[in-house]
1. Is it true that some residue in segment A:125-142 is assigned to a helix (DSSP H, G or I) and aromatic (Phe, Trp, Tyr)?
2. Please enumerate the residues belonging to segment A:12-28 that are within 17 Å of B:Arg107 (Cα to Cα) and in contact (Cβ under 8 Å) with a residue 24 or more places away in the chain.
3. Take the conditions over 24 Å from the mean Cα position of the chain (by Cα), among the acidic types (Asp, Glu) and surrounded by fewer than 19 Cβ atoms within 10 Å (Cβ to Cβ) and apply them to A:Asp152. Does it pass?
4. Does B:Trp109 qualify as being within 16 Å of DNA strand C (Cβ to nearest atom) and of a type in the set (A, V, I, L, M, F, W, C)?
5. Within the bounds of segment A:139-147, is there any residue that is within 8 Å of chain B (Cβ to nearest Cβ) and hydroxyl-bearing (Ser, Thr, Tyr)?
6. Specify which of the listed residues (B:Ala95, B:Ala82, B:Ala119) is small (Gly, Ala, Ser) and under 30 Å from A:Pro156 (Cα atoms).
7. Which of the following residues is more than 9 Å from chain A (Cβ to nearest Cβ) and closer than 20 Å to A:Arg120 by Cα: B:Leu134, B:Leu164, B:Leu182?
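The values are calculated or read from the model by the stated rules, or taken from the named source; none is laboratory data. Since the model is a prediction, treat every value here as computed from it, not as a measurement. Here the Cβ positions follow ideal geometry from the backbone for every residue, glycine too, while neighbour counts run over all protein chains shown.
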Protein chains: 2
Amino acid sequence: MPATSSTPSHLGCALLGLLARAPSTGYDLARRMQRPVGYFWSARHSQIYPELARLERAGLVVHQVVDGAGPRPTKRYAVTPAGMAALRAWVGEEAQPQPVRDLETLRLWSVWTVEPETARGLVRQARAGHEEALHAYQAELSSIAGQPEAQDRSHPLFASVLTLEGGVRTRRAAVEWCDWMLQRLG
Amino acid sequence: MPATSSTPSHLGCALLGLLARAPSTGYDLARRMQRPVGYFWSARHSQIYPELARLERAGLVVHQVVDGAGPRPTKRYAVTPAGMAALRAWVGEEAQPQPVRDLETLRLWSVWTVEPETARGLVRQARAGHEEALHAYQAELSSIAGQPEAQDRSHPLFASVLTLEGGVRTRRAAVEWCDWMLQRLG
DNA sequence: CCTTTCATGTAATGGGTTACATGATTCG
DNA sequence: CGAATCATGTAACCCATTACATGAAAGG
């Protein structure tokens, strides 16, 4: 008897995407979630472990106990055929526009209430953050863009290049925007 | 006896920012939260009403009962001097890099698992969304950029121009990125 | 010896969405 | 006469963060 198949949560789909690229332990997923997935999604281990259990109950992943250093048995998870199907279905879904949540812009929106020097400091900080991210994306991108698999549309690296290119472009635009603002703030 | 003054929640600061521009009822704040603030932050009325009560308990806003059409008394809120100070303090705070949460990119990251035509559909949808947002921002921007107050660094409209310019630049970059991806996806 | 890394879990709390609830006025 | 707008609130639920808890091995 298969579990009722509603699409898993966003986090569940993120984990399926990670496991479809390489089977992992929960601990390992938490690390991969920081980098490189953290560029566009994030989760802590405290959220990952219960979600893995939910995915397994739904038949989308299975685990196998392996040797490890923790006090409890170390579990290596892998995607099942049903899990792969769920991932594909989710990717193909109609995407409804998600609400934006940008704390930096929210703060900037009230920048008229503070001293010019405070405002400049705020923008300089934002610029530094965007530039740092830009460099990280560019480094990651140049390390994989040369590999032949990056040309293959059905290979994970192909998708990695697409997302990294997006990161590079938006961060570059953000840095330019900060420079434009610094000019206006005299 | 003033309330203990820890910085309010992000939502609280968003509401202070709205009220600093113009006193409003909770209902009105919910509408303004959709547009134009919805470009970078959002909240429902069910979240706004309790937060207004919290801000009032902290002495950052006050309300005045006015004539209105609802079954309960209609309340118009305004920022107090303490509220204005809290808003300024929050804007000047050290900004720690916030975790990104981009569902569109997360989906794209698993695009290697689906058929090329599905992938193209996904990118076309994303492109349409970004282009629609771009046009909305440009329209809003051109409606205020001409006004003389938009040049005054201590006027709300000045900050509106900054945020809208950022929206235009990032959405433009996103549209170009989608076109770049469509080329690669044949 | 102390810190880091491996490794998995739970509990408390905060933030956010959806749904429930009420009721007058205005417009088609 | 039904739908939309004005107008405020509560309750249930989901998602996410922080903190609590345990314990071995490796390296400085």
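1. Yes.
2. Those that are within 17 Å of B:Arg107 (Cα to Cα) and in contact (Cβ under 8 Å) with a residue 24 or more places away in the chain: A:Gly12, A:Cys13, A:Ala14, A:Leu15, A:Leu16, A:Gly17, A:Leu19, A:Ala20, A:Arg21.
3. no
4. Answer is no for this residue.
5. No, every residue in segment A:139-147 fails to be within 8 Å of chain B (Cβ to nearest Cβ) and hydroxyl-bearing (Ser, Thr, Tyr).
6. Checking each option against the conditions leaves just B:Ala119.
7. After ruling out the rest, the residue left standing is B:Leu164.
Table: residues versus (1) within 11 Å of another protein chain (Cβ to nearest Cβ); (2) more than 13 Å from DNA strand C (Cβ to nearest atom); (3) over 30 Å from B:Ala133 (Cα atoms).
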residue: A:Ala43; (1), (2), (3): yes, no, no
residue: A:Ser46; (1), (2), (3): no, no, yes
residue: A:Glu56; (1), (2), (3): no, no, yes
residue: A:Val61; (1), (2), (3): no, no, yes
residue: A:Val66; (1), (2), (3): no, no, yes
residue: A:Pro73; (1), (2), (3): no, no, yes
residue: A:Pro81; (1), (2), (3): no, yes, yes
residue: A:Trp90; (1), (2), (3): yes, yes, no
residue: A:Pro97; (1), (2), (3): yes, no, no
